[in-house]
Amino acid sequence: MNNAFAMVLLSTAALGFAGGASASPTEAAQAYTSANQKAAVDYKAARPKCDSLTGNPKDLCIAEAKSARIHLEASAEAQYNNTLGARTKARKTIADADYDVDKLRCASQTGNARDVCLKEAKATLIAAVADATADKKVSEARSDARDDKREAEYGVAMEKCDALAGPAKDSCTATAKYQFGK
């Protein structure tokens, strides 16, 4: 098993959940259950292939099988929950699983090559976690900015209504409140 296989599994899961955002709760739950079952079946199919190996190759094979399972399960959970926090958590979980695989790949090396490999693996983990965290912060900042802009636009609309009197003012105020969800 290799990273290409894991990426194919992850891509398949991502494509399978592409329409999940608009799915009904029942469909989303079914997709989530189905993805978890697929992850378990794929793991159970991949795991016995590792038994014929010994030492580090066996450990690496098992780690890759677990990583592929984690990729599918984390993606399914993020899609099911459909929140920014869930997607960030999934990205971090996947990064941790990839790091575990990378550490085992490095274990077969010796000396400076192993040290460099471990540093690269750690740097990749840190970068993935930092990207996930940064993306979450950017998304939250954009949401806050959108809310601030909407509130400012509401203030402008209400100020325009203040220039009016009587029923025209009441109508303008009601329209502004409706338009801005107040």
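Conditions (1) closer than 30 Å to residue 140 by Cα; (2) in contact with a Gly (Cβ under 6 Å, 6 or more places away or on another chain); (3) charged (D, E, K, R); (4) at pLDDT 95 or above, marked per residue:
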| site | (1), (2), (3), (4) |
| --- | --- |
| 48 | no, no, no, no |
| 52 | no, no, no, no |
| 58 | no, no, yes, no |
| 67 | yes, no, no, yes |
List every residue pair whose Cβ atoms lie under 8 Å apart, where the two residues are 6 or more positions apart in sequence or sit on different chains, the first residue falls within the range 26-46 and is in the same structural domain as residue 90 (by TED's automatic domain parsing), and the second residue, located anywhere, is hydroxyl-bearing (Ser, Thr, Tyr) and in a helix (DSSP H, G or I). 28/80; 29/80; 31/80; 32/80; 35/75
Note on the range 78-98: residues surrounded by fewer than 18 Cβ atoms within 10 Å (Cβ to Cβ) and either of a type in the set (Phe, Trp, Tyr) or more than 24 Å from residue 123 (Cβ to Cβ) (or both) are 81, 82, 83, 84, 85, 86
Return yes or no: is residue 33 under 17 Å from residue 128 (Cβ atoms), assigned to a helix (DSSP H, G or I) and of a type outside the set (A, V, I, L, M)? no
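The values are calculated or read from the model by the stated rules, or taken from the named source; none is laboratory data. Here the structure is a predicted model, which is why all the values come from computation and not from measurement. Glycine gets a Cβ as well: all are built from the backbone with ideal geometry, and neighbour counts include every protein chain shown.
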